[in-house]
1. Looking only at region 95-150, how many residues end up being surrounded by fewer than 10 Cβ atoms within 10 Å (Cβ to Cβ), in contact (Cβ under 8 Å) with a residue 60 or more places away in the chain and of a type in the set (D, E, K, R)?
2. Of everything in region 9-32 that's assigned to a helix (DSSP H, G or I) and within 21 Å of the chain's Cα centre (by Cα), which residue is surrounded by the fewest Cβ atoms within 10 Å (Cβ to Cβ)?
3. Can you list the strands (runs of 3 or more DSSP E) lying wholly within region 68-150 that have 2 or more residues being within 30 Å of MET4 (Cα to Cα)?
4. Criterion first (part of a loop (DSSP other than H, G, I, E, B) and over 30 Å from ASP5 (Cβ atoms)) does GLU64 satisfy it?
5. Which members of region 66-84 meet the condition of being surrounded by 13 or more Cβ atoms within 10 Å (Cβ to Cβ), within 17 Å of the chain's Cα centre (by Cα) and not β-branched (Val, Ile, Thr)?
6. Output the residue which, of all residues in region 38-54 that are farther than 18 Å from PRO147 by Cβ and of a type in the set (Asp, Glu), is nearest to the chain's Cα centre (by Cα).
7. Please verify whether HIS35 is modelled with pLDDT under 95 and over 23 Å from the mean Cα position of the chain (by Cα), treating the condition exactly as stated.
8. For region 113-128, which positions are among the aliphatic types (A, V, I, L, M) and closer than 15 Å to THR70 by Cα?
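The values are calculated or read from the model by the stated rules, or taken from the named source; none is laboratory data. Predicted, not measured: the structure shown is a model, and the values here were computed from it. Don't worry about glycine lacking a Cβ; one is built from the backbone with ideal geometry, like all the others, and counts go over all protein chains shown.
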Amino acid sequence: MDAMDRKILTELQLDGRLTITELAARVQLSVSPCHRRLRDLEREGAIRGYRAVVDPAAVGLDFEALVFATLRWEHSATVTAFEEAVTAIPHVIQAQRLFGDPDYLLRVATADLAAYQQLYDQQLSQLPGVQRLTSTLVMKNVVQDRPLPE
């Protein structure tokens with residue numbers, strides 16, 4: 001991957017709806033080489049897909065919490081069961097396995113505190129292998145959906 005590929009990736013992260021002509025102009029390439037590079041980036045997996053970035057408040061998901069999960073390490077099946085169960089909860093919009101304690105960081109979006117409490121009581125606290133959950137409420141997103149650095 002060279003500097004031109006990185007420029008293409010940066011522009012697409014800022015606006016994934018650019019036409020190939022607009023993209024080529026922004027990175028100062030002619031259309032054919034730009035198109036070829038774009039297809040190569042897609043084929044190689046550098047570009048995993050295209051999607052809309054939706055404002056959570058616009059769809060009634062104004063409340064966000066970060067949940068730290070610590071598991072009981074009975075055996076490796078515990079990790080698999082936990083990850084499969086977390087994947088099945090739509091309100092968990094991001095889940096990351098961490099080194100150290102806690103074991104996981106979950107980003108959860110709900111309509112409000114009452115909806116979060118219900119989700120916590122009925123689903124999050126029932127996840128397989130959970131020893132402890134700790135929640136932190138998000139006051140404000142300062143940096144979000146930033147393009148990856150070049």
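1. Of the residues in region 95-150, 2 are surrounded by fewer than 10 Cβ atoms within 10 Å (Cβ to Cβ), in contact (Cβ under 8 Å) with a residue 60 or more places away in the chain and of a type in the set (D, E, K, R).
2. Step by step, filter region 9-32, then rank; the result is LEU14.
3. Details: elements: 92-97, 104-110, 130-137.
Per the criteria, no element qualifies.
4. No; evaluated as a whole, the condition is false for this residue.
5. LEU66, PHE68, GLU83
6. Checking each candidate, the answer is GLU44.
7. Working: modelled with pLDDT under 95: no; over 23 Å from the mean Cα position of the chain (by Cα): yes.
No, not satisfied.
8. Hits for region 113-128 are LEU124, LEU127.
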